[in-house]
Amino acid sequence: EFDKDLAPNDPLDFVDKKSYKKRVEEYAKKCGRPSSVVSGECTINGIGAQIVLFDFNFMGGSFASVEGEKIVRAIHRAIQNKQGLVIVSASGGARMQESTYSLMQMAKTSAALNILNDAHLPFISVLSDPTMGGVSASFAFLGDLIMAEPGAIIGFAGARVIKQTIGTDLPQGFQTAEFLLEHGLIDMIVQRKDIKQTIAKALQYLKVED
């Protein structure tokens, strides 16, 4: 694991029912880490890769400054080591306690992935349940290969908000992995027990060597 002690500050001194600083402290105690992202280096069936995992238990897997920084650092390590990148997303979206600082991570991670692409290294995006908001609107849908777990809820805004905005009924299950696959927005649906093998094969096909 890398950057495990990288922790958020409170740039806005944000307070709702309690202070943002207090919320982070509580979730850090609950989850044993100070952010919703774990990043590290691994081997998948003997193939070296950089991996980033979202923990939904930490503030709903929300995406903020530390999470964006960890992803960008993982991208730079992938380039340095000539490895592929795997990100497993589980997130309600951007963390609004950091406001624009959080939203900026969408552009920051997307720009870094463009550098990874220029280095001809693959990014495999795994969408678990749920993958929503700023995560789905940025790096999660920029994968060279995008796979999702069966039944995963994937989208930007919630169905109720969308219905209220456009003023019409929505297709049944329109934010499920199955609907997205049918309409060409993701590449495949993979059972969790098969994800490791599928990622390993993808890295082999894309000629990523250990």
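The values are calculated or read from the model by the stated rules, or taken from the named source; none is laboratory data. What you see is a predicted model; the values in this text were computed from it and never measured. Here the Cβ positions follow ideal geometry from the backbone for every residue, glycine too, while neighbour counts run over all protein chains shown. Surface accessibility is based on the protein's heavy atoms, side chains included, excluding ligands, DNA and RNA. Shrake-Rupley method; radii C 1.70, N 1.55, O 1.52, S 1.80 Å.
Amide H contacts for LEU121 (H built 1.01 Å from N in the peptide plane; partners 5 or more residues away or on another chain; cut-off under 5 Å): none found.
Multiplying the residue separation of ARG160 and ASN45 by 0.36 nm and subtracting their alpha-carbon distance yields 37.2 nm.
Ranked by the mean number of other Cβ atoms within 10 Å per residue, highest first, peptides 17-29, 131-143 order as 131-143, 17-29.
The Kirkwood hydrodynamic radius of the range 59-210, based on inverse pair distances between different Cα atoms, is 16.0 Å. Once the 1.4 Å probe is applied to the protein heavy atoms, the chain comes out at 51 Å² accessible per residue. Rg over Rh for the range 18-75 works out to 1.06, both radii taken from alpha-carbon positions and Rh defined as the Kirkwood radius. DSSP finds beta bridges in the chain, and of those with both partners inside it, around 35 percent are antiparallel. Note on the range 21-124: antiparallel DSSP beta bridges, both residues inside, total approximately 50 percent of the bridges counted. Taking other residues whose beta carbon is less than 11 angstrom from the beta carbon of LYS21, and scoring Lys, Arg as +1 and Asp, Glu as -1, yields -1.
Loop-resident trypsin sites (Lys or Arg not before Pro) (DSSP state other than H, G, I, E or B) in the range 67-170 with no more than 15 further Cβ atoms inside 10 Å of their Cβ: LYS82. Directionally averaged projected area (the range 90-146, Cα convex hull): 3.7 nm².
Give me the one-decimal Kirkwood hydrodynamic radius in Å for the range 104-186, with the sum taken over alpha-carbon pairs. Walk me through the numbers before you get to the answer.
On the way: mean 1/r = 0.0729 Å⁻¹.
After inverting the mean inverse Cα-Cα distance, the result is 13.7 Å.
Backbone geometry of the range 91-107 corresponds, through the Karplus equation with coefficients 6.51, -1.76 and 1.60 at θ = phi - 60°, to 3J(HN,Hα) couplings of 8, x, x, 5, 8, 6, 5, 9, 6, 4, 4, 6, 4, 4, 5, 4, 5 Hz, x marking Gly and Pro. Which entries of LYS163/LYS193; LYS82/LYS201; LYS4/LYS30 have Cα-Cα distances beyond 24 Å here? In this structure, LYS163/LYS193 lie more than 24 Å apart at Cα.
Taking all protein chains in place and a 1.4 Å probe, what share, in percent, of the accessible surface of the chain do carbon and sulfur account for? Walk me through the numbers on the way to the answer.
Values: 5650 of 10690 Å².
Ligands and nucleic acids excluded, carbon and sulfur give 53 percent.
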